[in-house]
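Report on the following structure.
What follows is calculated from the coordinates using simple rules that are stated; it is not laboratory data. Since the structure is predicted, the reported quantities are computational estimates derived from the model, not experimental observations. Positions of Cβ are backbone-derived with ideal geometry, glycine not excepted, and every protein chain shown enters the neighbour counts.
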């Protein structure tokens, strides 16, 4: 009896909880019916639905009680786990992939010892950036690489082969100064590292390893999602394992300059969609002034004015914060120099010229050591430095008609901003231009040199208006659909173009010899919209055609750089950017470079102008027809042809 009483008591306690649980299980169905609009159903309809729900629950219970072998999971076996788009995939090798990249470089090598000449090599490797869990504080990293290449023995021009391994520490100044942003167009990354190489020659074997230490910087242009273009000048101090048993080979360590150009390919591309463009100031500038190549054989102040040339520079740059800017410069420098002859009292006056592209990192020193200043300061002082890539011409010097070089340039800038968007500056600077020329000495094939070219430029700088209007603010705020300039700058901000066409220099003589006078013109360019209808374009071009000279048509060549302002007249129609597929533009701007007249090479500055009709074929590519005329000394080349334009963006 007692056992029966105990059982009845337990049932009295358990049954209410079971009823409560059954009511709680039915609640979601009732809630879902109310949410779906089931309040208007009758009691009979609700009862049938509850009954169907109970039957479904019973079926589920029966399915759970079946043997595991009877469950079909083939539909789910290959299904990906859902995760947010910006969440990094987890894997056993995730730490090797996250914030990591592989790279490939081509190298130009210059050794500042006359016993060894220039060379080239290729380099591949792996790099990784170290960051916090969110990937925002990402400004230092490591890089490992291997390379193989060759250089010259200057005495007999024989090749010296080398295989090298390198380890490098990187520090991203751009990310440290203004925060990591994967969509930033441009980054400045100093580096320091060590390496070891093994060399072997054509005429003798070398068994010792060469240890080296390198110091340099990376100029990283984030050109495509996940792909960066890198320009990397390095200075090295390399142990010499060759020890050639020849005269004047005494150096244990060799100072070396190495210029790398290559690509970084990101292994983890999900980071690219994290942040937006920081939107700092964009600046354009024009500067000119005297240039001089100092040398030990200058004897008087009168000769200084005789050797002086000019420097003309066009610039485009950007501010990241109160104390760090970067700047591209496209320029030309001319000067003269005395070439000593065997008779020490006899000297010949020679001319020199260079066409170059510079990239400067600019540091406002006072702003680095004081509290945050206001947005606008009238007086600023910058220390600047960066690589210089160009073509060098020195008259009457063997193999220096058009010598490619990679050097280093640095200086100071004193800036005065009387108005908020306009500034004047004074900029003294020095450029080191390395080159190698053939030698006339017995048993010596090449000799290495490095010219120091100084210039003092006076310039004008204009700050382009931003969409948001505030320094450091986002330019892409607001509606994209109603503002054409915002849409273009946010979706397709940069374009790369390739152009080819026919060129002729009009003259009565050319008409009688048209087949020899007709030539071709080729150009590569990069452009970006500024305001509605306006854009700018920089071009590097080369042309071949005929030139009237002393009653004959002789060969004409030109190697030039242009910076042009363009205006699309169809923008006045205020078309929807999504439907706008045709543009009609006029353009004009300065042109500088080298040209030939018969066998002589001259540097020149001129003006280029023309018209362009462009049609967008697909969202990322356009086809254009372009005609131009360039006004250069003694000639007006006229060019017409077709080109392709590729739109880069998100």
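Spin-label point model (7 Å from Cα, Cβ direction): what's the residue 557 to residue 363 distance in nm?
4.2 nm
Quick one: if the Förster radius is 22 Å, what FRET efficiency do residue 623 and residue 464 give, using the C-beta to C-beta distance and rounding to 0.05?
Numbers: r = 29 Å, r/R0 = 1.30.
It comes out at approximately 0.15.
Work out the FRET efficiency for residue 430 and residue 286 from their Cβ-Cβ distance, taking R0 = 25 Å, and round it to the nearest 0.05. All intermediate terms of the calculation are to be shown ahead of the outcome.
Working: r = 21 Å, r/R0 = 0.84.
With R0 = 25 Å, the Cβ-Cβ based efficiency is 0.75.
Where does the range 511-553 land on the Kirkwood hydrodynamic radius, alpha-carbon pairs, in angstrom? Before the final figure, lay out the partial values.
Details: mean 1/r = 0.0759 Å⁻¹.
Result for the range 511-553 stands at 13.2 Å.
Any chance you could run the full-extension gain for residue 414 through residue 582? It's 0.36 nm times the residue separation minus the Cα-Cα distance, nm to one decimal. Write down the numbers at each step before the final one.
Numbers: separation 168, 0.36 × 168 = 60.48 nm, distance 4.40 nm.
Answer, rounded to one decimal: 56.1 nm.
Can you compute the FRET efficiency between residue 163 and residue 295 using 1/(1 + (r/R0)^6), with r the Cβ-Cβ distance and R0 = 35 Å? Round to the nearest 0.05.
Working: r = 39 Å, r/R0 = 1.11.
Efficiency for this residue pair is about 0.35.
Suppose the chain between residue 422 and residue 450 were pulled fully straight at 0.36 nm per residue; how much longer would it get relative to their current alpha carbon spacing? Before the final figure, lay out the partial values.
Numbers: separation 28, 0.36 × 28 = 10.08 nm, distance 3.66 nm.
Contour length minus Cα-Cα distance gives 6.4 nm.
Would you mind ranking 605, 560, 121 so that the residue whose beta carbon has the fewest other beta carbons within 10 Å leads the list? Before the final figure, lay out the partial values.
Details: 605 16, 560 25, 121 21.
Fewest-to-most Cβ neighbours within 10 Å comes out as 605, 121, 560.
Relative contact order for the range 348-426: what is it in percent, counting Cα pairs under 8 Å that are at least 6 residues apart?
Numbers: 141 pairs, mean separation 24.9, N = 79.
Reported relative contact order: 31 percent.
What ranking do 252, 333, 495 get, fewest neighbouring Cβ atoms within 10 angstrom at the top? Intermediate results must be reported in sequence, preceding the final value.
On the way: 252 7, 333 25, 495 20.
Placing the least packed residue first, the sequence is 252, 495, 333.
Which order do the peptides 143-151, 418-426 take when ranked by the mean count of other beta-carbon atoms within 10 Å per residue, highest first?
On the way: 143-151: 17.6, 418-426: 13.6.
Descending mean neighbour count gives 143-151, 418-426.
Quick one: go through the range 549-572 and flag any residue whose amide nitrogen is under 12 Å from the point 7 Å out along the Cα-to-Cβ line of residue 516.
Residues 549-556 qualify, since their backbone N sits under 12 Å from the label point.
Calculate, in nm to one decimal, what residue 200 and residue 339 gain on full extension: separation in residues at 0.36 nm each, minus their alpha carbon distance.
Working: separation 139, 0.36 × 139 = 50.04 nm, distance 3.64 nm.
Length gained, residue 200 through residue 339: 46.4 nm.
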